[in-house]
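Asker: Dropping the structure in here first, questions after.
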Amino acid sequence: MRRAIATVCLSGMLREKLQAAAAARFDGVEIFENDLLQFPGSAAEVRRIAEDLNLSIDLFQPFRDFDAADPAQLARNLARAERKFDLMAELGTTMLLVCSSVQPDALGDADALAEQFARLAELAGRRGMFVAYEALAWGTRVNRFAQAWEVVRRVDHPHLGLALDSFHTLSVRDDPAPIAQLPGQKIFFVQLADAPWVNTDVLTHSRHYRCYPGQGEFDVTGFTRAVVDAGYAGPLSLEIFNDEFRSAPARANAVDAMRSLLWLEEQVRHHGGTPPVAKVPLFDPPAVPPLQGWSFVEFAVDPATGARLADWLQRTGFACIGRHRSKDVALYGQGALRLVLNLEADSAARSHFDLHGPSVCALALATPDAPAALARAEALLCPRVASRIGQQELTMPGVRAPDGSLLYFCAPPVDGRHPFEADFVLDEAALAEAPLGAAARIDHVVSVVPPGQVEPWLLFQRAVLGLAAERSVVLHDPYGVIRSRELESADRAVRWSVTVSERDNTSSARAVAQFHGAGVEQIAVQVPDLVAAARALQARGAPLLPVPANYYDDLQARFGLDDALLAELQSLGILYDREAGGGELLQLYLAPFDERFHFELIERRGGYQGYGAPNAPVRLAAMALWREQA
């Protein structure tokens, strides 16, 4: 399948946009008229630039408000089209996108529209051009693809066809299934966009909230499958209007765009349980690997912060269980949980530290087929990373995540031992310590990202790792609002939340500003007995986060807890939540390390599946108070 992108998707001037599209391996582009108007050279020069970059110009757009009730206006519109055809000949493209009219006097009668579009098609035919008619979701009279198709059908001219846009169909909840019954050769062009569901008018929705497939909530897969089933064999093109994308670096944005199309093609292949009878091949990457949880979390530190973090970890129950055979790297553990402190001076970790301070520089996922996981990631345009390997040391496949941190793929534990531990000299006595319980493991991680970076992370997690986007949650920080999106593997062995705040004074926004971008802010550790773990941590002098007494008064009123249980929870600073089905969650928070990241200990009872969102305001307020006191 040929893949294209509209220049309106990318930031910068036209030459930069074309270069970004070519670098991301797009086959073609749609030239948006405003980009051409702002270009300092001729249309012929744009054509030469595109040809030098091996890009075809697949479409010129938009031609607005063609149909007219006034014959004189129609004549002017036909003359306007003639001038656009001259421009298109210079550009080297033959396809013009014509949108349905948004004027108050727009035509709605199919016969009248067919008469006018027949004249336009005849004009296009004499010039060797083609017209793709698109129903805008906010068109005055024509705002459904079936209406536009009726005009195309009545005209029955080889130079007039249909333009289909997933946003214009799905945003008004129109059913895309009938598209599969259209003749594929009369679908001249297909544009794709996803979007979240927001409570606003459709024009505002389109102009500000579109995103790439896989980043929103529309059924773009079902729409595209219908297009493929119709026999469409032209390019799949992205057309995105998004405030964040207009300011994002063009090249990184273009890679996200290509990744979204590749992922979408894979989804179309498997949609409905049967492969489509496609006229052109669809992308078929290695399958999503089974993920069996988190192998380790790696922290970038220098000697000074490394010593402080080591002491902090010891007080929170993590013992130093090993030292790397050839590098200045320490391994800390507890149950099945592993933490790596990387102090190596000449390493990617030290470069990460220099930019971000003490922080998580790498995560590792357990999978029985690490090479396949790497192959899928590379097929979806993730850059592979290679680290220095000593003699007889393991090679660990890894790629770069959207924020530049590393994501490794590791073999799962065997008899309680992680295979990567072979590179460490282990302390067997320390391995036996388990104040948090022998079954302690990572339940989920929370990454905080800058505004505009949620969508790239969602796409990375969905496309590369096969995680499913679950709940969207709004959390109330004392100084603003934090939005969180939860992603999970099918069996919930891997849970990963992405949070963002658009207010500069929330805890998440301050972390982003202070530490230059995204990062892991929270590591949640699941333990078998949180009460016992809390007592053990109190005895160690762990930096537990204090919880206001008022919280427990409210807890009693909400859930009617037993007095003894309530008193125990309060004495240990444990938070509590209960789901409608009876599942319970116990939470204990440790104070942040250098305001950069913190640990949460949780115990899930009775099938509790959430993340304790009702307790988030209390936790965020307690952290704000802790910062003031600190």
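The values are calculated or read from the model by the stated rules, or taken from the named source; none is laboratory data. These numbers come from a predicted model, not from an experiment. A quick note on method: Cβ atoms are made from the backbone with ideal geometry, for glycine too, and the neighbour counts reach across all protein chains shown. Accessible surface is based on the protein model in full, side chains and every heavy atom, while ligands, DNA and RNA are left aside. Shrake-Rupley method; radii C 1.70, N 1.55, O 1.52, S 1.80 Å.
Asker: Restricting attention to the alpha-carbon atoms of the chain, what are Rg (one decimal) and Dmax (integer), both in Å?
Answerer: 28.2, 92
Asker: Taking only the alpha carbons of region 376-478, what extent do you get along each of the three principal axes, in Å, biggest first?
Answerer: Taking max minus min along each principal axis of the Cα atoms, region 376-478 gives 45, 37, 23 Å.
Asker: Still on this structure, please answer the following. Can you give me the solvent accessible area of residue 99 with a 1.4 Å probe, rounded to the nearest 10 Å²?
Answerer: Near enough 10 Å² of accessible area.
Asker: If you don't mind, another one. Quick check for me: using +1 on Lys/Arg Cβ and -1 on Asp/Glu Cβ, what's the dipole size of region 100-259 about its Cα centre, in debye to the nearest 20?
Answerer: Numbers: 15 positive and 20 negative charges, 90 e Å.
Approximately 440 debye in magnitude.
Asker: Could you state how much accessible area residue 279 has, in square angstrom rounded to the nearest 10, with a 1.4 Å probe and all protein chains kept in place?
Answerer: In the full protein context, residue 279 sits at about 140 Å².
Asker: Something else: How much accessible surface does residue 492 have with a 1.4 Å probe, in Å² rounded to 10?
Answerer: Accessible surface of residue 492 is approximately 80 Å².
Asker: Per residue, how large is the accessible surface of the chain? Use a 1.4 angstrom probe and give square angstrom. If you can, show how the numbers build up before the last one.
Answerer: Numbers: 24490 Å² over 630 residues.
Per-residue value: 39 Å².
Asker: Here's another thing I want to ask about it. Run the numbers on the chain and let me know its relative contact order in percent, using alpha-carbon pairs under 8 Å that are six or more apart.
Answerer: On the way: 1314 pairs, mean separation 59.3, N = 630.
Value for the chain: 9 percent.
Asker: Find the relative contact order for region 89-230 and round it to a whole percent, using C-alpha pairs within less than 8 Å whose residues are 6+ positions apart. Spell out each step's value before the answer.
Answerer: Values: 244 pairs, mean separation 30.4, N = 142.
Relative contact order, region 89-230: 21 percent.
Asker: What lysines sit close enough to residue 279 to cross-link, taking a C-alpha to C-alpha distance under 26 Å and skipping anything fewer than 8 places away on the same chain?
Answerer: Residue 279 reaches 186.
Asker: Quick one: ranking 477, 174 by accessible area, 1.4 Å probe, largest first, what do you get? It would help to have the intermediate numbers written out before the result.
Answerer: Working: 477 15, 174 40 Å².
Highest to lowest solvent-accessible surface, that is 174, 477.
Asker: Same structure again: Of 392, 379, 410, which is farthest along the charge dipole of region 324-432 in the positive direction, counting Lys and Arg as +1 and Asp and Glu as -1 at C-beta?
Answerer: Positive-most Cα among the choices belongs to 379.
Asker: According to the square roots a ≥ b ≥ c of the eigenvalues of the Cα gyration tensor, what is the shape class of region 227-296, taking rounded for a/c under 1.5, prolate for a/b larger than b/c otherwise, and oblate for the remainder?
Answerer: On the way: a/c = 2.69, a/b = 1.09, b/c = 2.47.
Because a/c hits 1.5 or more and a/b fails to exceed b/c, region 227-296 counts as oblate.
Asker: For the chain, find the longest principal axis of its Cα atoms and tell me its angle to the long axis of helix 303-315, 0 to 90°, nearest 10.
Answerer: 70 degrees
Asker: Still on this structure: Given region 48-158, report the % of alpha carbon pairs whose separation exceeds 20 Å.
Answerer: Working: 2396 of 6105 pairs.
Summing the P(r) tail past 20 Å for region 48-158 gives 39 percent.
Asker: Based on Cβ point charges of +1 for Lys and Arg and -1 for Asp and Glu, what charge dipole magnitude is obtained for the chain about its Cα centre, in debye rounded to the nearest 20? Please report the intermediate quantities before stating the final value.
Answerer: Working: 59 positive and 79 negative charges, 172 e Å.
That gives a dipole near 820 debye.
Asker: Oh, and also: In nm², what is the average projected area of the convex hull enclosing the Cα atoms of region 46-87? Walk me through the numbers before you get to the answer.
Answerer: Values: hull surface 13.2 nm².
Value for region 46-87: 3.3 nm².
Asker: Please give the direction-averaged projected area of the C-alpha convex hull for region 275-376, in square nanometres with one decimal.
Answerer: Spelled out: convex hull of the Cα atoms, projected over all directions, averaged, 9.6 nm².
Asker: Sticking with this structure for a sec: Sum -39500 (n - 2.57) across every DSSP H segment of at least 4 residues in the chain, then divide by the residue count to get the 222 nm mean residue ellipticity, nearest 500.
Answerer: Working: 20 runs with 214 residues, N = 630.
That calculation yields -10000 deg cm²/dmol at 222 nm.
Asker: If you roll a 1.4 angstrom probe over the protein chains with everything in place, what fraction of the accessible area of the chain belongs to carbon and sulfur, to the nearest %? Present the calculation step by step, with values, prior to reporting the outcome.
Answerer: On the way: 12200 of 24490 Å².
Ligands and nucleic acids excluded, carbon and sulfur give 50 percent.
Asker: Follow-up question, since we're still on this one. Please give me the summed charge of the neighbours of residue 393: other residues whose Cβ is under 10 Å from its Cβ, Lys and Arg +1, Asp and Glu -1.
Answerer: Working: positive: 325, 327, 388; negative: 423.
Result for the local shell: +2.
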